[in-house]
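Below is one structure, written out as structure tokens; the observations come after it.
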Amino acid sequence: MPHSNSSITGMSNEVDELLHLFAPFPASVIPLLQEIQAHYGYISEANLTRVATYAHTPESTVYSVATFYSQFRLTRPGRYSIRICQGTACHVLGANSICEHLEEQLGVKVDETTGDGLFTLESVRCLGCCSLAPAMMIGDKIYGRLTRGKVDTIIGAYRNREEE
Amino acid sequence: MSRVTEVWVGVATCGVAAGAELVYSTFESSLAKHNLPVTMKRVGCIGMCYNEPLVDVVTADENRFTYGHVCPEDVGRIVTEHVLNGRPVNELLIPADGFFEHQVRIVLENCGLIDPEVLEEYQGHDGYKALQRVLSEVTPVEVIEEIKLSGLRGRGGAGFPTGVKWDFAAREPGPEKFLVCNADEGDPGAFMDRSILEGDPHRVIEGMIIAAYAIGAPHGYIYVRAEYPMAIKRLNKAIAAAGRAGFLGENILGSAFSFEIKIKTGAGAFVCGEETALIASIEGKRGTPRRRPPYPAVSGLWGKPTNINNVETLANIPWIIRHGAKEFAHYGTEDSRGTKVFALAGKINHSGLIEVPMGMSINKIVFDIGGGLRENKEFKAVQIGGPSGGCIPARLADVPVDYKSITQTGAIMGSGGLIVLDEDTCMVDVTRFFLDFTQKESCGKCTFCRIGTKRMLETLTRICDGEGVPEDVDNLIELANKVRVYSLCGLGQTAPNPVLTTVKYFRNEYDAHIIDKSCPAHVCRALIHYEIDPSACKNCRLCTKQCPVQAISQGKGDHQEIDQSICIKCGQCYEVCPFGAIAIQ
């Protein structure tokens, strides 16, 4: 169904509010992108254009910034992003097999989203809790000393929560 | 027996991940139920991550009893036996294991002992006294002289003398200058800065204000990783509290000096730890380094004189001012004064955060503080300095940890990641891991870094896949040396270090992969296979049920068998077998 005019206006008003949190100049590009991503989970093409116009920065530059930093996503992610740590401590303690297990259980590869839109699997470089290796982060919550069984329990809990 | 007055729960990232918040709330309700006049306190990380969640029970005569691995089920017992009746629950107390005995805590002096979100707690531990002294009786030039005299060197990795760096920025004319705290802790395996920011944020802020006063900067930035949400939250709180108390803002403590701090959240780029890339990032651009000179001290943020210091460096400043440069220089060695914080992780018993005087040997750190290797495995090497550092073999582990000695091994001090590797770690695989990191994090500006790291990674991957050829090692060395010389910034210049140190110290492992087509540590999948020993197999079929690709089935006789053509070598059968009947060949 096509968007009605009012919803487009509503959306841009919401974005406008976010934009006005920062001064309209090029140094605001990164915080603006961060704010938009925090709100919508990703940066749509339309919002990328809005940031460019607002920050008086060429669209190509904003795009180059958005693709340079690993934090930014240009496609819509799942409801929960699972970030599996690939730091050194996690690597030597078996992060690879945990990652493979997640890929198997979720049926997706790293950087992909499950068909039901629930999980996006990502890999990150060190969450900084090496004593809990191997570790992963879902939302703001860190899970440590992972085993295949523990991963199943955690994923199961998120799925159950969703069904309820 | 003295009365219990306080209960502290460690709620840094690692504690919370281990379940500290639930322990905290269980204590709270249990104490309320008994109507006990005991103060609850949330503290930062004391460093004993291997014992999380940690709870301290503190008595009126200031004795501290530390409980480890506390689960909510233990809380009732601790409250009734210890808090109510004054009898410590001995079997839950952490035994003395040498972890603190050999440490000297300057930067971490308050971590795990104070509530990081309460300004008065920091002040109760001499917080902001250094700033008060500096603003009332010390000139900026004298502050710089004191820091020079202390011998403090940058703790971010490069080790440049801090006082000299401040001097450069101080000598630049003009009222518009910037002081930046680099909290973009990107080395995998390092969490020193996170723990300091989470456990004692005011210390870093006080260090920043003193640095800003010394160089004459009215504006400050903290550039912190987005992956550290708790550190960002506590910094924001601390900045607001310091502002309300008059330590930040206009005319600090009635002096003529004004200073403000803003937080910039990094967006995930390892190269932004490099000064000029960090500056570009704060300006809203891609984080690509630029040629120096001009150095940031002359032309930095928005072309203004800028001084950038790492979190740990700044966290040393208040202590040096309070105790004097001489007291600080008393610790450490001739060229490396003071202490260094290390994040100890990997195959070690006591993984956690430690602070030791410079010059302590790696062996002492690993065995006396770290409690040796897990499962008593053989100590193979330490990886120091992250992707820019290198691997130091166990036979050289008597080397003292100071800037000069570590550099002589071919590694670098780096920011403080110390990963212990054992016999089950494949050195070629670890090297490939680091090259995979630097290759992805290379910003792409310099050809040698962009393409050279990619070619080195391809070569290492080929070796791990069992397709290495004899000339690969020489090619790696040649390419590594070129990438080192022809790259503009620290990332490219140090990216070859993992390759060069492992080729130097573990050439035999490269040869085993390339010539014998075997992985001595049984890590590289292309070079291993799993086999079931028919005489040890009890035919319980656990492995068969576990196998994700149905590669295991009933063999001829009373045992299971692996079909090598189907096996993906995931190792799950090996892990579940209760009889040790599965061997890696």
Mind listing the phi-derived Karplus ³J(HN,Hα) values for segment B:494-502, rounded to whole Hz, using 6.51, -1.76 and 1.60 with θ = phi - 60°, and x for any glycine or proline? 10, 4, x, 3, x, 5, 5, 6, 6
Per residue of segment B:331-336, in order, report the coupling 6.51 cos²θ - 1.76 cosθ + 1.60 (Karplus, θ = phi - 60°) as ³J(HN,Hα) in whole Hz, putting x for Gly and Pro. 8, x, 10, 3, 9, 10
Rounded, prolate or oblate: pick one for the protein assembly as shown, where a ≥ b ≥ c are the square roots of the eigenvalues of its C-alpha gyration tensor, a/c under 1.5 means rounded, and failing that, prolate if a/b is larger than b/c, else oblate. rounded
Interchain or long-range residues, amide H under 5 Å from B:Ile308's placed H: B:Val180
Ordering of B:274-280, B:186-192 by burial proxy (mean other Cβ atoms within 10 Å per residue, highest first): B:186-192, B:274-280
Might you report the magnitude of the Cβ-based charge dipole of chain B about its Cα centre, with Lys and Arg at +1 and Asp and Glu at -1, to the nearest 20 debye? 1400 debye
Calculate the mean, over all residues of peptide A:89-102, of how many other protein chain Cβ atoms lie within 10 angstrom of the residue's Cβ. 5
Average other protein chain Cβ within 10 Å of Cβ, residues A:67-75: 4
With r defined as the distance between the Cβ atoms of B:Glu137 and A:Ser12 and R0 fixed at 35 Å, what FRET efficiency is calculated, to the nearest 0.05? 0.05
Peptide A:130-139 - average C-beta neighbours from other chains (10 Å radius): 6
HN-Hα J in Hz across segment B:529-545 - Karplus 6.51, -1.76, 1.60, θ = phi - 60°, x for Gly and Pro: 8, 9, 9, 9, 7, x, 6, 8, 5, 9, 6, 7, 6, 4, 5, 5, 5
Starting from the Cα-Cα distance between B:Asp516 and B:Arg64, subtract it from 0.36 nm times their residue separation and give me the gain in nm to one decimal. 157.1 nm
Segment B:317-374: which GluC sites (Glu not before Pro) are DSSP loop and have at most 16 other beta-carbon atoms within 10 angstrom? B:Glu334
Please order B:Val483, B:Val79, B:Val58, B:Val118 by the number of other Cβ within 10 Å, starting at the fewest. B:Val118, B:Val58, B:Val79, B:Val483
GluC sites (Glu not before Pro) within segment B:58-105: DSSP coil, no more than 13 neighbouring Cβ in 10 Å: B:Glu62, B:Glu101
For the Cα atoms of chain A, what angle does the longest principal axis make with the long axis of helix A:95-106, in degrees from 0 to 90, nearest 10? 70 degrees
If you count the DSSP beta bridges with both ends in segment A:45-157, what percent of them are antiparallel, to the nearest 5? 55 percent
Amide N proximity, segment B:200-239 versus B:Glu250 label position 7 Å along Cα-to-Cβ, cut-off under 12 Å: none
Counting other C-beta atoms within 10 Å, which of B:Cys567, B:Cys547 has the fewest, and how do the rest follow? B:Cys567, B:Cys547
Using a Förster radius of 51 Å, what is the FRET efficiency between B:Ser553 and B:Phe160 based on their Cβ-Cβ separation? Nearest 0.05, please. 0.20
Would you compute, for the Cα atoms of chain B, the largest minus smallest coordinate along each principal axis and list the three values in descending order, in whole Å? 88, 68, 41
Using only helices, what value at 222 nm comes out for chain B when you add -39,500 (n - 2.57) per DSSP H run of length 4 or more and divide by the total residues, to the nearest 500 deg cm²/dmol? -10500 deg cm²/dmol
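Since every read-out is calculated from the coordinates, none of them should be taken as a lab result. Everything numeric here is computed off the predicted structure, so don't read it as measured data. For neighbour counting, all protein chains shown are included, and Cβ atoms are generated from backbone atoms with ideal geometry for every residue, glycine included.
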